[in-house]
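Undergrad: After the structure tokens below, expect a handful of questions from me.
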Amino acid sequence: MRHFLQRLPKAELHLHIEGTLEPELMFRLAERNRITLLYADIEQVEEAYRFRHLQEFLNLYYQGMNVLCTPQDFHDLAMDYFIRARDEGVMHIDMHFDPQAHIQRGVPLASVMQGLLGAVRQAEQALDLSVGLIMAFLRDRPVAEAASLLEQARDYWPDLHAVGLDSAESGYPPGRFADVFARAGELGLARVAHAGEEGPAAYVREALDELGVERIDHGIQCMTDDTLVERLRREQTVLTVCPLSNVSLGIVDRMAAHPLPAMREAGLNVTLSSDDPAYFGGGMLSNHLACAEAFGWDATTFLSLSQSAISAGFMPEARRQTLLGRLADLAWASGK
Ligand code: ADE
Ligand code: ZN
């Protein structure tokens, strides 16, 4: 199964590039930028990465990104992940990034964009990897700040595929960002939002109704609301589910208790992603392997999940057809 899952052409629709910062790179960038880390060594980092809930993770996530200062840092961060992801059979990534977390530390948006866009272009040319860019707003920061970021990003609108909404969820309902998302829609940008990760099912409905999102990141709490499940099934809304993330943040006790099998049985359009692989115990391959082990899913199930993700990724139609073709070739070669 490992060999099959590695070869499976995968699209990752929910990935925070800042959440790919492996401890090794964190130490390297800290040295390069003469920043003192709170950790003495990698063991201490691993010790710290035991989260009881989302906020505990977010505190370390925002702290970790202090080592990202120059365009080169953002370039290295992204290229490091792109190479690892390709080794795991990932062919497309829709990549969230969090400009507000950098701007508030004095890092200009231009530095973030120069580094990330350079890496994306290099990956597309040299790695056979396509990348969609999702500029995320931090929902626990003021709405006006998000609105101002969107305008500030004017020069990069043509490079962006979508806007997203992330960070602390409980107590921060998505509807507050309705005007910002409406503006993004007017600009022709697609819209996605984290909802129903640790927040309630009502936030999923609100993201659909008030933000006009076409995909929901996480969404697992929808399972507490039958009417919502029926709607998500009927509309085949893509849910970007991140099983190892959910277990790592204590949202789900253990893989065997994850609602993913029930979500599939309910006819929901689920896809698999890693969210923040450096923090949650592994990337796309680990997430796939964990599902195979916990749920006993077979090759046909994983082919179908990959097909859903490739069909929904922010990529040119020609690229989508290429990736679907490769998926069909693998299915044929595996007798599926
Ligand atoms: N930002 C990075 N990872 C996140 C997550 N899992 N939930 C909300 N915001 C995030
Ligand atoms: Zn996320």
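Rule-based calculations on the coordinates, nothing more; no lab input. Computed from a predicted structure; not experimentally measured. So basically every Cβ, Gly included, is an ideal-geometry build from the backbone, and we count neighbours across all protein chains shown.
Undergrad: Under 7 Å between Cβ atoms, which residue pairs at least 6 apart in sequence (or on different chains) link something in the range 210-221 that is of a type in the set (Gly, Ala, Ser) with a partner that is part of a loop (DSSP other than H, G, I, E, B) and within 12 Å of ligand 1 (Cβ to nearest atom)?
TA: The qualifying pairs are Gly219/Gly196.
Undergrad: Looking only at residues in the range 197-207 that are of a type outside the set (Asp, Glu) and touching a helix residue (DSSP H, G or I) at 6+ places or on another chain (Cβ under 8 Å), which one is nearest to ligand 1 (Cβ to nearest atom)?
TA: Ranking the qualifying residues of the range 197-207, first place goes to Gly199.
Undergrad: Quick check on Arg2: is it away from ligand 2 (no atom under 16 Å from the Cβ) and either on the phi < 0 side of the Ramachandran plot or buried (at least 23 other Cβ atoms within 10 Å of the Cβ) (or both)?
TA: For Arg2, the condition - away from ligand 2 (no atom under 16 Å from the Cβ) and either on the phi < 0 side of the Ramachandran plot or buried (at least 23 other Cβ atoms within 10 Å of the Cβ) (or both) - is met.
Undergrad: I would also like to ask the following. Of Glu56, Glu43, Glu88, which residue is among the acidic types (Asp, Glu) and within 13 Å of ligand 1 (Cβ to nearest atom)? Walk me through it before giving the result.
TA: On the way: Glu43 fails: within 13 Å of ligand 1 (Cβ to nearest atom); Glu88 fails: within 13 Å of ligand 1 (Cβ to nearest atom).
Exactly one residue qualifies, and that residue is Glu56.
Undergrad: Taking the condition of being more than 16 Å from ligand 1 (Cβ to nearest atom), touching a strand residue (DSSP E or B) at 6+ places or on another chain (Cβ under 6 Å) and assigned to a helix (DSSP H, G or I), how many residues in the range 208-241 meet it?
TA: Going through the range 208-241 one residue at a time, the tally reaches 0.
Undergrad: Now a separate question. Quick one: which residue in Arg7, Arg50, Arg34 is surrounded by fewer than 15 Cβ atoms within 10 Å (Cβ to Cβ), of a type in the set (Lys, Arg) and in contact (Cβ under 8 Å) with a residue 24 or more places away in the chain?
TA: That would be Arg7, the only listed residue that is surrounded by fewer than 15 Cβ atoms within 10 Å (Cβ to Cβ), of a type in the set (Lys, Arg) and in contact (Cβ under 8 Å) with a residue 24 or more places away in the chain.
Undergrad: Of all helices (runs of 4 or more DSSP H) completely enclosed by the range 242-336, which ones contain at least 2 residues that are under 15 Å from the mean Cα position of the chain (by Cα)? Give the derivation first.
TA: On the way: elements: 243-248, 260-265, 284-295, 299-312, 317-333.
Qualifying helices (runs of 4 or more DSSP H): 243-248, 284-295, 299-312.
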